[in-house]
Amino acid sequence: MDLTAVRTVVAVADAGQFQEAAATLLITQQAVSKRIAALEKDLGVRLFTRTARGARLTIDGQAFLPHARELLRVEERAAASVRPGSRALRIDVIGRRLGPAVLLRDFHRAHPGTALDVVTTLFDADAALAAVRSGTIDASFRAVTLPARQLPDGVESARVFDEPIQLLTGPAHEYAAARAVTPAQLAGHRIWMPGVIAGTEWAAYYDELAAEFGLTIEATGPDFGTEPLLDTIADSASLATFVGAQTRLVWPADQDLRRVPVHDPTPVYPHSLIWRSDNPHPALTTLRTYLGAARPAHRDDGTWTPAWAR
């Protein structure tokens, strides 16, 4: 159904005259008549009768009018659902416990009026880039292993946060009581990370970290999730794992897990925000401004990142 004609019917019904409706719609009276006639032909009924005082709804017109008004309300709701600034800003993060999700929570506290739709349905950076490019999401937090010139056309990225990596151990581990460790000290120790999957950006990060410092990072065994991983680490004197400093983990008190900072140098995970350059959503601009002002970008002194992030 032609919603322009439906809008014209409502305008004529409200004005009571074709001429006044034409003035309201900023079209000619002839155009109003043509729209009404075309809709009447499609419906197979007359909607108006002309009188000396103007236009009067027929019985069919009276039956049609409330539905016409509802059609226009639905049209407006449909447009508002995708109008920039009206719909929620849709942001992808890898996991709700990880650093980028913490960044988004901090952003929402600073801008509580901003509607956010936080999703975790995308697996790796390639899927996130494709979703940003297609418009399925507005932006994604990822480690970008590609140089800027190799990003898809119209997609931009900015490194927004370097997250320090910490060692997580059980109470019996050699470094459980250490105030800090160096990457060199971890050579020869078993770092167990079953969630590291070949081909992902986090696998690329930990592969380079292991190669740089001679570390043994094991991705063996099925990944049953965070809780089974913590159970294993808590009970082991030889296994440890890496976690981001901003990663939110909760474990039972009897596990007595320890977070140990890693220094000299500090490995940092380079989180970037990726988005379409032509995305008009005002909240995306607000988020980018917030990230630029509230979080330091990459740091070079005393830290380590892979070559592709430098």
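All of the numbers you see were taken from the coordinates with simple rules; none came from a lab. Note that the structure is a prediction, hence the values are computed from the model and not measured. Virtual Cβ from ideal backbone geometry, glycine too; neighbours counted across all protein chains shown.
Where the Cα atoms of the stretch 89-309 are projected onto their three principal axes, how long is each span, largest first, in whole Å?
For the stretch 89-309, the Cα spread along each principal axis is 53, 36, 34 Å.
Taking 0.36 nm per residue of sequence separation and subtracting the Cα-Cα distance, how much length would be gained by fully extending the chain between Asp2 and Gln150, in nm to one decimal?
Stretched out fully, the Asp2 to Gln150 stretch lengthens by 48.8 nm.
Please build a GNM for the chain, connecting alpha carbons under 10 Å apart, and tell me which residue among Val74, Val118, Val45 fluctuates the most.
With Cα springs under 10 Å in the chain, the top fluctuation among Val74, Val118, Val45 is at Val45.
Quick one: length gained pulling Asp264 to Phe123 fully straight, 0.36 nm per residue minus the C-alpha distance? Don't jump to the answer; show the numbers that get you there.
Details: separation 141, 0.36 × 141 = 50.76 nm, distance 3.20 nm.
In short, 47.6 nm is gained.
Could you state the angle between the C-alpha long axis of helix 99-110 and the longest principal axis of the C-alpha atoms of the chain, as a value from 0 to 90 degrees rounded to the nearest 10?
So the inclination is approximately 50 degrees.
Based on DSSP H runs of at least 4 residues, each adding -39500 (n - 2.57), what is the mean residue ellipticity at 222 nm of the chain after dividing by all its residues, to the nearest 500 deg cm²/dmol? Intermediate results must be reported in sequence, preceding the final value.
Working: 9 runs with 118 residues, N = 310.
After summing the helix terms and dividing by the residues of the chain, the value is -12000 deg cm²/dmol.
Considering Cα pairs under 8 angstrom that are at least six residues apart, work out the relative contact order of the stretch 89-309 and quote it in whole percent.
Values: 406 pairs, mean separation 72.9, N = 221.
Relative contact order for the stretch 89-309 comes out at 33 percent.
So what's the projected area for the stretch 3-82, the Cα convex hull averaged over all directions, in nm²?
On the way: hull surface 21.1 nm².
That works out to 5.3 nm².
Rank Asp207, Asp138, Asp153 by mean-square fluctuation in a GNM of the chain with C-alpha springs under 10 angstrom and give only the top-ranked residue.
Fluctuation is largest for Asp153.
Nearest 10 degrees is fine. How inclined is helix 125-134 to the longest principal axis of the chain, computing both from alpha carbons?
Roughly 10 degrees, rounded to the nearest 10.
Between Ala187 and Ala37, what is the label-to-label distance in nm when each label sits 7 Å out along the Cα-to-Cβ direction?
With each label placed 7 Å out from Cα toward Cβ, I get 9.0 nm.
Starting from the 7 Å offset along Cα-to-Cβ, what nm value, one decimal, do you get for the label separation of Arg69 and Ala23?
Inter-label distance under the simple model: 2.3 nm.
What is the angle, in °, between the Cα long axis of helix 29-43 and the longest principal axis of the Cα atoms in the chain? Nearest 10 is fine, range 0 to 90.
Computed tilt is about 80 degrees.
Among Gly221, Gly99, Gly54, which one shows the biggest mean-square fluctuation in a GNM of the chain, springs joining Cα atoms closer than 10 Å?
In the Gaussian network model the winner is Gly54.
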